[in-house]
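Below is one structure, written out as structure tokens; comments come after it.
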Amino acid sequence: MSVPADPFEPDRGYRLNPDVALRPEPFGALAYHFGTRRLSFLKAPGLVELVRGLGSHGSVSEALAGVDESRRPSFLRALAALAASDMIVPQP
Amino acid sequence: MTTVSCEPVPALAEQFKRGLAAPICLTWEWTYACNLSCAHCLSSSGRRDPAELSTAQMRGVIDELHHMQVFYVNVGGGEPTVRPDFWELLQYAVSRQVGVKFSTNGVRLTAARARQLAATDYVDVQISLDGATREVNDAVRGRGSYDLAVRAMANLAEAGMAGFKISVVMTRHNVPQLDEFAALADRFGAQLRITRLRPSGRGADVWPQLHPTAPQQRQIHAWLTAHADRVLTGDSFFHLNALGGAPLPGLNLCGAGRVVCLIDPVGDVYACPFAIHDAFRAGNVRAPGGFAEVWRSAPLFARLREPASGGACRSCSQYSACQGGCMAAKFFTGLPLDGPDPECVLGHGEGAPGDTPPPGNDHSHRRVPARRTAVPLGMPGVRVPARRVAADLGLPAVGVPARLCGSSPLAGVP
């Protein structure tokens, strides 16, 4: 029962879904969605940091500006996947 | 379960082998008391243990799981619902954001309880059923147990508890019923879950007679491949991946002590739910440091998180597919832990096994002394050694819902 998510728009601001908890793990973090009861694995500590801080940026692109350029494309794909599974949501 | 990967890192399974900050799949057995005496019970349940955790101690463990961010637990037993504080503990766990999926034979799932469950967020119910027909089910789980389970399923469906699980342990006698189980699940709006029979607990007694034959192993694999989208397995059939083809969904690794563990009713922590034996006991939640300390620091768990050698399986072309199979299945059939699984689909687990280990702690109902003769299971051609409780399958007191238990599993429960 996954929640239909809007298309991912990097120009919008996103934040960690308030229904999602992040549990630090040696490889990054485990994300648990209390609403859909789905688990996801964030497989890079840098990605965890990015996701945690996402809500303080006006857009995803702005948040990614602080990330090393070579990692931006892969982080962007990861964020799109997280948006598709409702782990991150557009800012209200 | 989804993986969000963004750079070349070792496969998730490789990460998991080194262990996690807390288990992903924690089984917690709330009591050894049970109204049934299933022939294959992997925890040899029946009688309550006088040393079982009190309500306050149970709440303490729930608090600890909350702090460790264990987001859900699989609660079992024994029959967990016969604990008088079961519903109170369920509510407490949910209130602490520790979701509960509990396994039950249905004995306490009245219409009113089913409505209560349907109204409680964050709870899943799993009804154990080992035959799609009364005859096949009751031969293993005891007389009356099929009707008990079906009544509970009807109550859950009636209450609108959509998607509850029907959990089936695959045996030689129910493999031909796979389609019937799926139809039964559809009838009740439930989801089918099938798991592997293990030679653990009383399962050791019936393993030779009940574990699926080699052709049936292939049948299970084919059925799982065809129905992957509608059946859950608890990742328990990864040993079948050696048959080739696309890997079955799941982690494909032995999670014991890495992502999985068991807390038993007296607070002992074991590497996995199928390994209730001194050899796999890592500690106790009552010791200083509690469960977290056991999970993080138990020497047994540290060993299980070291890279596996592969042993005799190392030269096999399929080792990467099956990972050598199930540790508990090997242990309880007397096979070396770094060798092939007793159900190795390539036949490498056959041959001359060593001595099987003495049974672990046994809470089976005390009944008439075990006879040494084989006892009919109630089906033609099925015979079970008379060791321990299997001798008593035909006794009328087993599984009669109106009478919980001859030796009162609830005696002394606070």
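The values are calculated or read from the model by the stated rules, or taken from the named source; none is laboratory data. A quick note: this is a predicted structure, and the numbers were derived from the prediction, not measured. Because the Cβ atoms are built from the backbone with ideal geometry, glycine has one as well, and the counts that use them run over all protein chains shown.
For every residue, the table says whether it meets (1) modelled with pLDDT of 95 or more; (2) surrounded by 21 or more Cβ atoms within 10 Å (Cβ to Cβ).
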{"residue": "B:H67", "(1), (2)": "yes, no"}
{"residue": "B:T81", "(1), (2)": "yes, yes"}
{"residue": "B:G106", "(1), (2)": "yes, yes"}
{"residue": "B:L109", "(1), (2)": "yes, yes"}
{"residue": "B:T120", "(1), (2)": "no, no"}
{"residue": "B:S128", "(1), (2)": "yes, yes"}
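Each row is one residue, and each column tells you yes or no for (1) within 8 Å of chain B (Cβ to nearest Cβ); (2) surrounded by fewer than 18 Cβ atoms within 10 Å (Cβ to Cβ); (3) among the hydroxyl-bearing types (S, T, Y).
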residue	(1), (2), (3)
A:P18	no, yes, no
A:V51	no, no, no
A:S59	no, yes, yes
A:S74	yes, yes, yes
- request: Name the helices (runs of 4 or more DSSP H) wholly inside the range B:50-148 in which the number of residues that are touching a helix residue (DSSP H, G or I) at 6+ places or on another chain (Cβ under 6 Å) and under 30 Å from A:V20 (Cα atoms) is 2 or more.
  value: B:55-67, B:86-95
field: Filter result for A:S70 (touching a residue at least 40 places away in the same chain (Cβ under 8 Å), polar (S, T, N, Q) and assigned to a helix (DSSP H, G or I))
entry: no
Tally, over the range B:67-90, of residues that are among the aliphatic types (A, V, I, L, M) and within 14 Å of chain A (Cβ to nearest Cβ): 3
message: Just to verify a result, which residue in the range A:20-43, among those that are buried (at least 21 other Cβ atoms within 10 Å of the Cβ) and either under 18 Å from A:Q91 (Cα atoms) or in contact with a Cys (Cβ under 8 Å, 6 or more places away or on another chain) (or both), is nearest to the other protein chains (Cβ to nearest Cβ)?
response: A:K43
message: Of everything in the range B:91-101, what is away from every other protein chain (no Cβ under 14 Å) and either crowded, with 21+ Cβ neighbours inside 10 Å or among the polar types (S, T, N, Q) (or both)? Give them in sequence order.
response: B:Q91
message: What's the total number of residues in the range B:13-32 that are facing chain A (nearest Cβ under 7 Å) and either without any contact (Cβ under 8 Å) to a residue 40 or more places away in the chain or of a type in the set (F, W, Y) (or both)?
response: 1
message: Looking at B:T195, B:T171, can you tell me which residue is closer than 22 Å to B:K101 by Cβ and out of contact with any Lys or Arg (no Cβ under 9 Å at 6 or more places or on another chain)?
response: B:T195
task: Find the residue count for the range B:54-78, including only residues that are without any contact (Cβ under 8 Å) to a residue 60 or more places away in the chain and either more than 24 Å from A:T36 (Cβ to Cβ) or of a type in the set (K, R) (or both).
output: 4
- request: Determine if the range B:223-241 includes at least one residue that is touching a Leu at 6+ places or on another chain (Cβ under 6 Å), part of a strand (DSSP E or B) and either of a type outside the set (A, V, I, L, M) or closer than 19 Å to B:Q69 by Cα (or both).
  value: no
- prompt: Within the range B:190-222, can you find the residues that are of a type in the set (D, E, K, R), in a strand (DSSP E or B) and either out of contact with any strand residue (DSSP E or B) (no Cβ under 9 Å at 6 or more places or on another chain) or farther than 22 Å from B:S37 by Cβ (or both)?
  reply: B:R193
